[in-house]
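The structure appears below as structure tokens.
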Amino acid sequence: MASYKFPVPKFNFEVIFPSGTISFQEVTGLSVENEFLEYRNGSDRFLTPERRAGMRKAGSVTFKKGIISGDTGVFDVYDDFVQRKNYYPTIGEHMNITVNLRDESNAVVRTWMIWWGVPTKISTDGLNSTDNSIAYEEIEISHSGIDLYN
């Protein structure tokens, strides 16, 4: 009898910064894109150009969480790099971030390693005296690449 495997839900994950684990509601932008080079020699017998892998293009990852009284984790990450003018960290001081997706038994199923991350934006969803919803904060991290592990 074959065993049935169900896809892993996306709601059980952890985010580990160099300063420790921070709980988030949402992580978006876990992607890296490969650009392609196209070349066709004028005497080539094929009518289509060859495509070769080119440079990788890394974007930004956004981390979103509810604002909790006394919790300064997101601001501390931003403050370490921007407010202290640590724009050009030396090798070994770049911020690597780990995102682990966990299954129902809490075992790690997939890991995204975001390397050489730098905080580029910190924001809130705005304040409104007539809105009855939770206040959120976001931090955007630009990076040099993402490695994926199973």
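The values are calculated or read from the model by the stated rules, or taken from the named source; none is laboratory data. In this text the structure is predicted, and so the values were computed from the model without any measurement. We place every Cβ from the backbone using ideal geometry, glycine too, and count neighbours over all the protein chains shown.
Some points to look at:
- The one condition in (1) more than 29 Å from residue 137 (Cα to Cα); (2) under 16 Å from the mean Cα position of the chain (by Cα); (3) among the aliphatic types (A, V, I, L, M) that residue 27 fails to fulfil: (1)
- Residue list for segment 120-150, restricted to those being of a type in the set (A, V, I, L, M, F, W, C), surrounded by 14 or more Cβ atoms within 10 Å (Cβ to Cβ) and free of Cβ contacts under 8 Å to residues at least 60 places away in the same chain: 122
- Qualifying residue in segment 90-99 (condition: surrounded by 14 or more Cβ atoms within 10 Å (Cβ to Cβ) and at pLDDT below 90): yes
- Scanning segment 1-35 for residues that are loosely packed, with under 12 Cβ neighbours inside 10 Å and among the hydrophobic types (A, V, I, L, M, F, W, C) yields 1, 2, 6, 11.
- If you go through segment 104-119 and pick out every residue that is among the polar types (S, T, N, Q) and either in contact with a helix residue (DSSP H, G or I) (Cβ under 8 Å, 6 or more places away or on another chain) or without any contact (Cβ under 8 Å) to a residue 12 or more places away in the chain (or both), you end up with 1.
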